[in-house]
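Enquirer: Here's a structure for you.
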Amino acid sequence: MKTPSALLAPLLFAVAATAQIQYCTVTLSGTSCGPQLAVTMTPLGQGGNYELDLTATGLHPRSVGAMQWGSNPTSVTLPGGGCLLLCDYVWGHYFQTDDTGSYSWGRSWPHWAVGYFYMQMGSLQVDNNNQLSVRTTTCQLVQCF
């Protein structure tokens with residue numbers, strides 16, 4: 001028969017393992033043609049959750065834009081100015097930039113979400129001569145352990 005302390009040890013280990021606080025990093029993964037993407041991960045309380053905030057600047061003013069998250073880096077030259085697409089596509093969405101060519105987005109990142117994503121944003125505009133102009137931001141690698 002096992003002693004109470006022998007039974008309690010695995011339980012205490014399991015509780016300690018689940019109580020560990022997640023650690024997240026943001027690293028520049030690549031540069032494109034000028035626009036910048038700032039990504040911050042701010043701890044939320046004591047539970048190990050984070051607030052994820054992304055801000056793109058230098059995009060086309062009042063234009064359609066897209067956010068792209070990927071699992072692999074890439075380097076594809078896009079039409080309309082030679083800017084680069086710096087990650088593959090796993091998830092994303094469209095948005096509208098403001099009068100300054102900026103866009104911000106944020107969500108909470110739960111403590112159990114261990115993993116990484118490459119993140120990039122971009123915008124496009126068609127001028128009066130039907131010429132396409134594409135701008136893409138730097139690419140940031142966000143990792144949580």
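Computed from the coordinates by the stated procedures, all read-outs in this text should not be read as laboratory data. All of these numbers come straight from a predicted model, not from anything done at the bench. Ideal geometry is used to build each Cβ from the backbone, glycine not excepted, and the neighbour counts take in all protein chains shown.
Enquirer: Which residue fluctuates the most in the chain, going by a Gaussian network model with Cα springs under 10 Å, if the choices are W69, W109, W91?
Expert: Of the options given, W91 has the highest mean-square fluctuation.
Enquirer: What list of ³J(HN,Hα) values in whole Hz, one per residue of the range 55-64 in order, does the Karplus curve 6.51 cos²θ - 1.76 cosθ + 1.60 (θ = phi - 60°) give from phi, with Gly and Pro shown as x?
Expert: Per-residue couplings from phi come out as 9, 9, 10, x, 7, 5, x, 6, 10, 6 Hz.
Enquirer: Follow-up. Calculate the dipole size of the range 21-144 relative to its Cα centre from +1 charges on Lys and Arg beta carbons and -1 charges on Asp and Glu beta carbons; express the result in debye to the nearest 20.
Expert: 100 debye
Enquirer: Follow-up. Note the listed values [x] 10, 34, 30, 16, 9, 2, 0; [y] 10, 27, 21, 14, 10, 8, 6, 4, 1; [z] 12, 35, 25, 13, 8, 5, 3, 1, 0, then indicate which one is P(r) over Cα pairs in 10 Å bins from 0, in percent calculated from this particular structure.
Expert: [z]
Enquirer: Then there's this: Only Cα pairs under 8 Å and at least 6 apart count here; give the relative contact order of the range 21-144 as a rounded whole percent.
Expert: Relative contact order here is 37 percent.
Enquirer: Dipole of the chain (Lys/Arg Cβ +1, Asp/Glu Cβ -1, origin at the Cα centre): which of M121, S102, G81 lies farthest to the positive side?
Expert: After comparing all options, I get M121.
Enquirer: To make sure I understand, if each residue's beta carbon is the centre and we count other beta carbons within 10 Å, what order do L86, L132, L59, L124 fall in, fewest to most?
Expert: L132, L124, L86, L59
Enquirer: Right, here's the next one. Return one number: the angle in degrees, 0 to 90 and rounded to the nearest 10, between the long axis of the Cα atoms of helix 4-18 and the longest principal axis of the Cα atoms of the chain.
Expert: The helix 4-18 is inclined about 10 degrees to the chain.
Enquirer: Residue by residue, what Karplus-based ³J(HN,Hα) values in Hz, rounded to whole numbers, does the range 103-113 have, using 6.51, -1.76 and 1.60 with θ = phi - 60° and x for Gly and Pro?
Expert: 8, 10, 8, x, 7, 7, 10, x, 4, 8, 8
Enquirer: Give me the Kirkwood hydrodynamic radius of the range 95-145 in Å, from all C-alpha pairs, to one decimal place?
Expert: 13.7 Å
Enquirer: What is the range 63-126 by shape, rounded, prolate or oblate, if you read a ≥ b ≥ c off the alpha carbon gyration tensor as root eigenvalues and call it rounded for a/c under 1.5, prolate for a/b larger than b/c, and oblate otherwise?
Expert: oblate
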